[in-house]
Amino acid sequence: MNTGTNTARSAAPGTGAPAAAGRPLVVAIDGPSGSGKSSVSKEVARRFGLAYLDTGAMYRALTWWCLDRGVDLSDGGAVVEAARSFPLAQGTDPDRELVFVGGTDVGVEIRGARVTEAVSAVATNQAARAVLVARQQELIADSGRRIVAEGRDTTTVVAPDADARILLTADERARMARRGLQNGGVEDAEQLRARVVGRDAKDATVVNFTEAADGVVTIDSSELTVEQTVQAVIDVVVRAAGRSA
Ligand SMILES: Nc1ncnc2c1ncn2[C@@H]1O[C@H](COP(=O)(O)OP(=O)(O)OP(=O)(O)O)[C@@H](O)[C@H]1O
Ligand SMILES: Nc1ccn([C@H]2C[C@H](O)[C@@H](COP(=O)(O)O)O2)c(=O)n1
């Protein structure tokens with residue numbers, strides 16, 4: 001089940017965005033934790049009038065379901081079975097996060113420490129990934145292929161045929177500082193390192209989100225503001241959409 005809450009919107013003026021109304025435009029953005037994928041992807045989606053797919057939220061929702069149901073995360077087969085059967089409803093409106101599992105709104109809980117600490121165990125299960133990738137591809141199709149999808153493998157596995165494919169990076173120092181600010185400055189450097197660098201190290205054992213695949217454009221946001229990063233992504237999309245039009 002999915003909940004396509006997105007509606008067609010026109011591009012905001014002054015963004016350099018093409019008049020994409022009605023025309024398919026798939027943008028795929030990958031990168032490590034804290035590189036700015038979610039914030040930037042949502043804003044790019046708004047400006048182009050596209051839907052937004054947070055693939056990480058799907059891994060988090062499955063993790064929440066497994067924890068809620070007492071599924072042993074080290075039991076690969078049980079996690080795959082959960083991936084096949086869990087009752088997910090995920091929206092694709094960049095202005096309204098909507099993640100329901102079996103009628104429960106899990107939007108807040110999937111961002112909490114319990115899920116964040118456990119999610120890599122689910123995300124490193126290759127068979128479960130295959131099930132979730134198929135669901136993500138359905139959501140892209142349901143959007144009429146007018147969507148920004150972000151995660152770790154959207155440029156390479158989920159939407160390798162996207163019109164624009166971007167690897168959004170930032171150095172460790174910038175990513176840790178951003179996550180620290182986002183979390184209200186309550187974590188010390190060691191906790192932040194574990195949350196940002198430690199989780200990436202686990203996730204990187206199954207997907208490559210540190211090197212751009214062929215045809216993928218790298219944007220290093222370490223020294224950029226959010227707005228500059230959004231503009232850099234828009235520039236890539238405009239160039240790529242021009243090529244594919
Ligand atoms: N130049 C920048 N580009 C993008 N985000 C930035 C930038 N500078 C600061 N930020 C901030 O960094 C924080 C982390 O960004 P965000 O949550 O989008 O990262 P992410 O890559 O989606 O992380 P994760 O994969 O762990 O969910 C946000 O608060 C965002 O506003
Ligand atoms: N396409 C994806 C998206 C996410 N993951 C992993 C990486 C994280 O451990 C977890 C949650 O992602 P986040 O919300 O922090 O972006 O899911 C992945 O492996 N592939």
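The values are calculated or read from the model by the stated rules, or taken from the named source; none is laboratory data. What you see is a predicted model; the values in this text were computed from it and never measured. Cβ sites come from the backbone with ideal geometry, for glycine too, and all protein chains shown count toward neighbours. In case anyone asks, the SASA skips ligands and DNA or RNA and just uses the protein heavy atoms, side chains included. Shrake-Rupley method; radii C 1.70, N 1.55, O 1.52, S 1.80 Å.
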Fill in the blank from the handout: Two pseudo-spin positions, 7 Å from Cα along C-beta at GLN228 and at ALA118, lie apart in nanometres by 4.1 nm
Problem - Förster radius 35 Å - calculated FRET efficiency between ASP105 and GLN137 (Cβ-Cβ, nearest 0.05) - result: 0.90
Fill in the blank from the handout: Dipole check, the stretch 53-142, charges on Cβ (K,R +1; D,E -1), about Cα centroid: among LEU67, THR92, THR124 the Cα furthest to the positive pole belongs to THR124
Exercise for the section: Extending each Cα 7 Å along its Cβ direction at ASP220 and ALA130, get the distance between those two points in nm, one decimal. Expected result: 3.8 nm
Exercise for the section: Calculate, in nm to one decimal, what ASP72 and ARG23 gain on full extension: separation in residues at 0.36 nm each, minus their alpha carbon distance. Expected result: 13.2 nm
Exercise for the section: Tally up the carbon and sulfur contribution to the accessible surface of the stretch 57-188 as a whole percent, 1.4 Å probe, everything protein left in place. Expected result: 50 percent
Completion exercise
quick note, the chain, DSSP beta bridge pairs, % antiparallel (nearest 5) is 25 percent
Fill in the blank from the handout: CD proxy, 222 nm, the chain: helix-only mean residue ellipticity via -39,500 (n - 2.57) per DSSP H run with n ≥ 4, per residue, nearest 500, stands at -13000 deg cm²/dmol
Exercise for the section: With a 1.4 Å probe and every protein chain left in place, work out the accessible area per residue of the chain in Å², rounded to a whole number. Expected result: 45 Å²
Practice task
At most 16 other Cβ atoms within 10 Å plus a DSSP loop assignment makes a site exposed; report the longest stretch of the chain without any exposed GluC sites (Glu not before Pro).
Solution key: 1-186
Problem - Paramagnetic reach from SER39 in the stretch 144-188 [backbone N under 16 Å; point 7 Å along Cα→Cβ] - result: 168-186
